[in-house]
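*Asks:* Okay, here's the structure, questions in a sec.
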Amino acid sequence: MRARYGVPLGITAVGAAGLLYSAGFEARSFRLRRVTVPALPAGMRPLRVLQVSDIHMVGGQRKKQRWLRSLAGLRPDFVINTGDNLSDPEGVPEVLDALGPLMEFPGAYVFGSNDYYGPKLRNPALYLLEKAQGRHGLNGNAPAVSAIHNPWEDLRDGFDAAGWLNLTNTRGTLKVEGVSVELTGLDDPHIKRDRYEQVSGGPSSAADFSMGVVHAPYLRVLDSYTADAYPLILAGHTHGGQLRIPFHGALVTNCDLDTDRARGLSTHTAEGRTSYLHVSAGCGTNRYTPFRFACPPEATLLTLVGRE
């Protein structure tokens, strides 16, 4: 009996311990990453940008709410929210409460698919299958049936009332201590709501600095921003892979971005030009897969400095 069942029981015990760690500890182990990006024009004073992404708020997540409120102590120059704030149709008040102190700073936002639609229970192995077949979201897949509609309008109204810029397929400008920062945003490519033709043309000559903002870093979007000479693009969506293999990295990105760039700072090249790309691993998870492994939840403080 020992020889027959010892190994399977041992594997089961290790698996259960891994799930307990990834859901009970790591998924609640919030942290701040700090990144320096030499993307500003030479001689321009540094800018401190706080990026929050993929909050996926579920009612009762008090530790996450306290941590988000505490980020206001960083005193950033401005805040960028790259979407997927919700994982619960009832979560809007808690998102607005958690982000309340941050909304005292200049900011802007784009939405992700989970702001519009509630998540559904699905087999996680489908992400691997979709990666192999090149299908992600509505990009190659059939439209979702019986999707739960989230009250995204209430979320939008709350952000707008605080003065944050809505970057849904449009441009906006923030004034930060005399510096003009142009933000060019897109709606979520994961559900094919991006309309780059409405914002194409590249940075405005009237702005001191311009950057692109989008939820899901699909290659068609990164190519367009880079070809139009935006020096920096901010995105989220990937959760950093969410379940990473130590010394290997992410297995999936849930889009057509390669896994080597699933989180953190990298570069993207298109039509002979190169942009910096920062992908946030986010600070939440889908409510049906509340696990993280080797990929703790995060926000990022980016210090933008002048190019040499």
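*Asks:* Answer yes or no as to whether A270 is surrounded by 18 or more Cβ atoms within 10 Å (Cβ to Cβ), in contact (Cβ under 8 Å) with a residue 24 or more places away in the chain and on the phi < 0 side of the Ramachandran plot.
*Replies:* Values: surrounded by 18 or more Cβ atoms within 10 Å (Cβ to Cβ): no; in contact (Cβ under 8 Å) with a residue 24 or more places away in the chain: yes; on the phi < 0 side of the Ramachandran plot: yes.
Considered against the rule, which asks whether it is surrounded by 18 or more Cβ atoms within 10 Å (Cβ to Cβ), in contact (Cβ under 8 Å) with a residue 24 or more places away in the chain and on the phi < 0 side of the Ramachandran plot, A270 comes out as no.
*Asks:* Would you pick out the residues in the range 188-224 that are more than 30 Å from G43 (Cβ to Cβ) and free of Cβ contacts under 8 Å to residues at least 24 places away in the same chain?
*Replies:* Within the range 188-224, E197 is the sole residue that qualifies.
*Asks:* Here's another thing I want to ask about it. Output the helices (runs of 4 or more DSSP H) that fall wholly within the range 89-164 and possess 2 or more residues being open to solvent by 20 Å² or more (accessible area, probe 1.4 Å), or say none.
*Replies:* Working: elements: 92-99, 113-116, 125-133, 152-161.
Those helices (runs of 4 or more DSSP H) span 92-99, 125-133, 152-161.
*Asks:* Being closer than 22 Å to R31 by Cα, in contact with a strand residue (DSSP E or B) (Cβ under 9 Å, 6 or more places away or on another chain) and crowded, with 19+ Cβ neighbours inside 10 Å narrows it down to one of G241, G264, so name that one. Full working, then the answer.
*Replies:* On the way: G264 fails: crowded, with 19+ Cβ neighbours inside 10 Å.
Of G241, G264, the one residue that is closer than 22 Å to R31 by Cα, in contact with a strand residue (DSSP E or B) (Cβ under 9 Å, 6 or more places away or on another chain) and crowded, with 19+ Cβ neighbours inside 10 Å is G241.
*Asks:* Just to be sure I understand the filter: pairs with C-beta atoms under 7 Å, separated by 6 or more residues or on different chains, first member in the range 60-81 and in contact (Cβ under 8 Å) with a residue 24 or more places away in the chain and over 17 Å from P297 (Cα atoms), second member open to solvent by less than 20 Å² (accessible area, probe 1.4 Å) and of a type in the set (G, A, S). Which pairs pass?
*Replies:* Within 7 Å, the pairs are F78/G107; V79/G107.
*Asks:* Exactly one condition in (1) surrounded by 24 or more Cβ atoms within 10 Å (Cβ to Cβ); (2) touching a strand residue (DSSP E or B) at 6+ places or on another chain (Cβ under 7 Å) is not met by T253; state its number.
*Replies:* Going through (1) surrounded by 24 or more Cβ atoms within 10 Å (Cβ to Cβ); (2) touching a strand residue (DSSP E or B) at 6+ places or on another chain (Cβ under 7 Å) one by one, T253 breaks only (2).
*Asks:* Can I ask one more? Mind checking which residues of the range 62-78 are surrounded by fewer than 18 Cβ atoms within 10 Å (Cβ to Cβ) and not in a helix (DSSP H, G or I)?
*Replies:* We begin by selecting, within the range 62-78, every residue surrounded by fewer than 18 Cβ atoms within 10 Å (Cβ to Cβ); these are 62-63, 66, 69-70, 72-75.
Answer for the range 62-78, where residues must be surrounded by fewer than 18 Cβ atoms within 10 Å (Cβ to Cβ) and not in a helix (DSSP H, G or I): just R75.
*Asks:* Now, a different point. Return the residues of the range 41-61 that are over 18 Å from I233 (Cα atoms) and open to solvent by 10 Å² or more (accessible area, probe 1.4 Å); say none if nothing qualifies. Outline the logic, then answer.
*Replies:* Taking the range 41-61 and keeping what is over 18 Å from I233 (Cα atoms), we get 42-45, 55-61.
Once the filter is applied, which keeps residues that are over 18 Å from I233 (Cα atoms) and open to solvent by 10 Å² or more (accessible area, probe 1.4 Å), the range 41-61 yields A42, G43, M44, R45, V58, G59, G60, Q61.
*Asks:* Has the range 188-209 got at least one residue that is polar (S, T, N, Q) and surrounded by 18 or more Cβ atoms within 10 Å (Cβ to Cβ)? Please lay out each step first, then the result.
*Replies:* Filtering the range 188-209 down to residues polar (S, T, N, Q) leaves 198, 200, 204-205.
Within this subset, residues satisfying the condition of being surrounded by 18 or more Cβ atoms within 10 Å (Cβ to Cβ) are none.
Taking every residue of the range 188-209 in turn, none turns out to be polar (S, T, N, Q) and surrounded by 18 or more Cβ atoms within 10 Å (Cβ to Cβ).
*Asks:* Among the residues of the range 196-232, write down those that are of a type in the set (A, V, I, L, M) and at negative phi. It would help to see each step written out before you state the result.
*Replies:* Step one: list which residues in the range 196-232 are of a type in the set (A, V, I, L, M), which gives 199, 206-207, 211, 213-214, 216, 219, 221-222, 227, 229, 232.
Matches in the range 196-232: V199, A206, A207, M211, V213, V214, A216, L219, V221, L222, A227, L232.
*Asks:* Let me ask something additional. Between a residue in the range 106-130 that is among the acidic types (D, E) and any residue that is not in a loop (DSSP other than H, G, I, E, B), which pairs come within a Cβ distance under 6 Å, given they are 6 or more apart or on different chains?
*Replies:* Correct list of pairs: D115/L86; D115/W152; E130/H136.
*Asks:* Within the range 279-294, take every residue that is among the aromatic types (F, W, Y) and in a loop (DSSP other than H, G, I, E, B) and give me the one that is farthest from N123 (Cα to Cα). Talk me through it step by step, then tell me what you get.
*Replies:* Initially, the range 279-294 is screened for residues among the aromatic types (F, W, Y), giving 288, 291, 293.
Now drop any that are not in a loop (DSSP other than H, G, I, E, B), which leaves 288, 291.
Working: Y288: 10, F291: 14 Å.
Checked the range 279-294; the qualifying residue farthest from N123 (Cα to Cα) is F291.
*Asks:* Check Y276, Y225 and return the single one that is hydroxyl-bearing (S, T, Y) and not in a strand (DSSP E or B). First the steps, then the outcome.
*Replies:* Numbers: Y276 fails: not in a strand (DSSP E or B).
The match here is Y225.
*Asks:* Moving on. Within the range 228-268, track down each residue that is under 12 Å from the mean Cα position of the chain (by Cα) and assigned to a helix (DSSP H, G or I).
*Replies:* Matches in the range 228-268: H239, G240, G241.
*Asks:* Hey, can you tell me all the residues within the range 167-181 that are surrounded by fewer than 24 Cβ atoms within 10 Å (Cβ to Cβ) and either of a type in the set (A, V, I, L, M, F, W, C) or under 22 Å from D157 (Cα atoms) (or both)? Walk me through it before giving the result.
*Replies:* Applying the first criterion (surrounded by fewer than 24 Cβ atoms within 10 Å (Cβ to Cβ)) to the range 167-181 yields 168-181.
Those that are surrounded by fewer than 24 Cβ atoms within 10 Å (Cβ to Cβ) and either of a type in the set (A, V, I, L, M, F, W, C) or under 22 Å from D157 (Cα atoms) (or both): T168, N169, T170, R171, G172, T173, L174, K175, V176, V179, V181.
The values are calculated or read from the model by the stated rules, or taken from the named source; none is laboratory data. If you're wondering where the values come from, they're calculated on a predicted model, not measured in any experiment. Note that each Cβ is placed from the backbone with ideal geometry, even for glycine, and that neighbours are counted across all protein chains shown. Each accessible area value is taken on the protein alone, full model and side chains, heavy atoms only, with ligands, DNA and RNA left out. Shrake-Rupley method; radii C 1.70, N 1.55, O 1.52, S 1.80 Å.
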